1. Any residue at all in the stretch 31-46 that's among the aromatic types (F, W, Y) and at pLDDT 90 or above?
2. Can you tell me which residues in the stretch 63-106 are open to solvent by 90 Å² or more (accessible area, probe 1.4 Å) and among the charged types (D, E, K, R)?
3. Could you tell me which numbered condition M1 fails, if it satisfies all but one of (1) open to solvent by less than 90 Å² (accessible area, probe 1.4 Å); (2) modelled with pLDDT under 75?
4. Could you please give the count of residues in the stretch 50-106 that are part of a loop (DSSP other than H, G, I, E, B) and touching a Leu at 6+ places or on another chain (Cβ under 9 Å)?
5. Select from the stretch 17-27 the residues that are at pLDDT 80 or above and either in contact with a helix residue (DSSP H, G or I) (Cβ under 8 Å, 6 or more places away or on another chain) or basic (K, R) (or both) and list them in ascending order.
6. Filter the stretch 43-62 down to the residues that are open to solvent by 40 Å² or more (accessible area, probe 1.4 Å) and more than 14 Å from the chain's Cα centre (by Cα) and list them by number.
Amino acid sequence: MSNMYAGTVWERDRELLHLLGLHYVLLESIGPAWSEASESDEHRIWVQHEQGARVYSSASNPREYRQAFASIAADGEIVSVGQYIARHSREAEIVAREYRAFVHAM
């Protein structure tokens, strides 16, 4: 609660993600306004690192983009948090339970 009131929840969030080996990723498609994303659009992957965010563009550097995609994709597929939790609900519950016990012990 003190982190919430101090506006520093994001710090605890980053610590938890680091402990779990996870990181924030933003996927961006750039194409004509009001149209669905297509393969011809530019695609970008934004990855949060310790030094800040790094962007990988399919238009300006396709090789780095493919490498970034491969590094964040599980078996060639990128899944949302909701999909991940649905697929691994038992494991997510165990992690949440252990994290709550750790936080309450502090």
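The values are calculated or read from the model by the stated rules, or taken from the named source; none is laboratory data. From a predicted model like this one, the values you see are computed outputs, not experimental measurements. Here Cβ is always computed from backbone atoms with ideal geometry, including for glycine, and neighbour counts include all displayed protein chains. Just the protein is used for accessible areas: all its heavy atoms, side chains included, with ligands, DNA and RNA removed. Shrake-Rupley method; radii C 1.70, N 1.55, O 1.52, S 1.80 Å.
1. Within the stretch 31-46 (the criterion being among the aromatic types (F, W, Y) and at pLDDT 90 or above), the answer is yes, since at least one residue qualifies.
2. Once the filter is applied, which keeps residues that are open to solvent by 90 Å² or more (accessible area, probe 1.4 Å) and among the charged types (D, E, K, R), the stretch 63-106 yields R63, R66, D75, R87, R90, E91, R97, E98, R100.
3. Failed condition: (1).
4. So the first thing to find is which residues in the stretch 50-106 are part of a loop (DSSP other than H, G, I, E, B), and the list is 50-51, 58-61, 73, 75-76, 78-80, 88, 106.
Add one more test, that the residue is touching a Leu at 6+ places or on another chain (Cβ under 9 Å), and what stays is 78.
Qualifying residue count for the region: 1.
5. Y24, V25, listed by residue number.
6. Here is the first cut: in the stretch 43-62, the ones open to solvent by 40 Å² or more (accessible area, probe 1.4 Å) are 44, 46, 48-51, 53-55, 59-62.
Selection gives Q51, A59, S60, N61, P62.
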